[in-house]
Amino acid sequence: MRVPQREKLRGSQKCLQILVNDYPSLINTQLAFWIGLPSAEGIHWRSPLKQDEYAEYRDSDAIDHLGMSLPKRSLESFWPRQGPQWDALAKTDRGDVILVEAKAHIREMVTDPCKAKSTRSQDVIRESLDATKRFLGANPDVDWMKSFYQYTNRLAHLYLLRELNSLPAYLLLVYFINDQDVGGPGSEQQWQGAIQLRDSYLRIPPKHRLSEYILHAFVDVGNLGSA
């Protein structure tokens, strides 16, 4: 599904729209270093682009928008429709794909539980989340369909791409600092505390089999022009 967006006036969507469209070098240089690209010029943002109505993508449209195919395990067998709507998507000249989730305030991390209505959809989601937990070595007794569900389903999709399909995928988590419009954290340390609390609650070990493919970027809103 392609979901057009308006130009946002506040919060993480506004900051991310500005970052991707006007100041991509703020993130591309770090990203290239983290994933071992020879140059930041090899990173190309696919969304949210101004010329594409700042559209965000989900389900098979996100896969198609990145020019990917899933040769071993299909998205349809892993997750029902209305899956994650990605805040941003990027691809590199080398073929790496970057799935992005952005936050400007700590309360954005505390998301609603799974809203799937049908028993079949719930069963498919739970099976995929449980498989992800096992792969990461997380505590099996924590229900990933409840607290921090947005984060857990993003982890599951990284597992689908990286482990089940052997694709060079990364999950990039962007945390904006000093977003005064929403009263967001004023330092990286504040975000780090919230991240540690979330992972502790979910009983995710500090180091696991997807750790190196989960990237954390901290971007000061003061570097985004008039944002």
Inter-part gap, Cα centre of the range 180-227 to Cα centre of the range 1-70, in whole angstrom, is 18
If unit charges are put on Cβ atoms (+1 for Lys and Arg, -1 for Asp and Glu) and the dipole of the chain is taken about its Cα centre, the option from Leu99, Asn21, Ser74 lying farthest towards the positive end turns out to be Ser74
In the chain, whole DSSP H helices that both stretch 24 Å or further along their axis by alpha carbon positions and average at least -1.0 on the Kyte-Doolittle scale are 119-136
Cross-link partners among lysines for Lys8, C-alpha distance below 19 Å, same-chain residues fewer than 8 apart left out? Lys50, Lys103
Treating the Cα atoms of the chain as identical point scatterers in vacuum, please give the log10 of the normalised Debye intensity I(q)/I(0) at q = 0.08, 0.14, 0.18 Å⁻¹, two decimals. -0.27, -0.90, -1.56
Report, in cubic angstrom per residue, the convex hull volume of the C-alpha atoms of the range 45-123. 125
Taking 2.2 N^0.38 Å as the expected size of a compact globular protein, what ratio does the Cα radius of gyration of the range 1-98 give against it, to two decimals? 1.12
Once every DSSP H run of n ≥ 4 in the chain is given -39500 (n - 2.57) and the sum is divided by its residues, what mean residue ellipticity at 222 nm do you get, rounded to the nearest 500 deg cm²/dmol? -10500 deg cm²/dmol
Short version: what are the Cα gyration tensor semi-axes of the range 126-227, square root of 5 times each eigenvalue, largest first, in whole Å? 28, 16, 11
Choose one of Leu49, Trp86, Ser121: the residue whose Cα lies farthest towards the positive end of the charge dipole of the range 1-139 (beta-carbon charges +1 Lys, Arg; -1 Asp, Glu; about the Cα centre). Ser121
Using Cα pairs under 8 angstrom and six or more residues apart, how large is the relative contact order of the range 50-97, in percent? 47
Sparse-neighbourhood loop sites, trypsin sites (Lys or Arg not before Pro) in the range 101-135 - DSSP loop, at most 12 other Cβ within 10 angstrom: Lys115, Lys117
Counting other Cβ atoms within 10 Å, keep those with at most 15, restrict to DSSP loop, and tell me which trypsin sites (Lys or Arg not before Pro) in the range 184-227 are left. Arg203, Lys207, Arg209
14 Å beta-carbon shell around Gly137, net charge (K/R +1, D/E -1): +1
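Readers should treat all values here as calculations from the given coordinates under stated rules, not as data from a laboratory. Just so it is clear, the model here is predicted, and its values are computed rather than measured. Note that we place each Cβ from the backbone using ideal geometry, even for glycine, and neighbour counts take in every protein chain shown.
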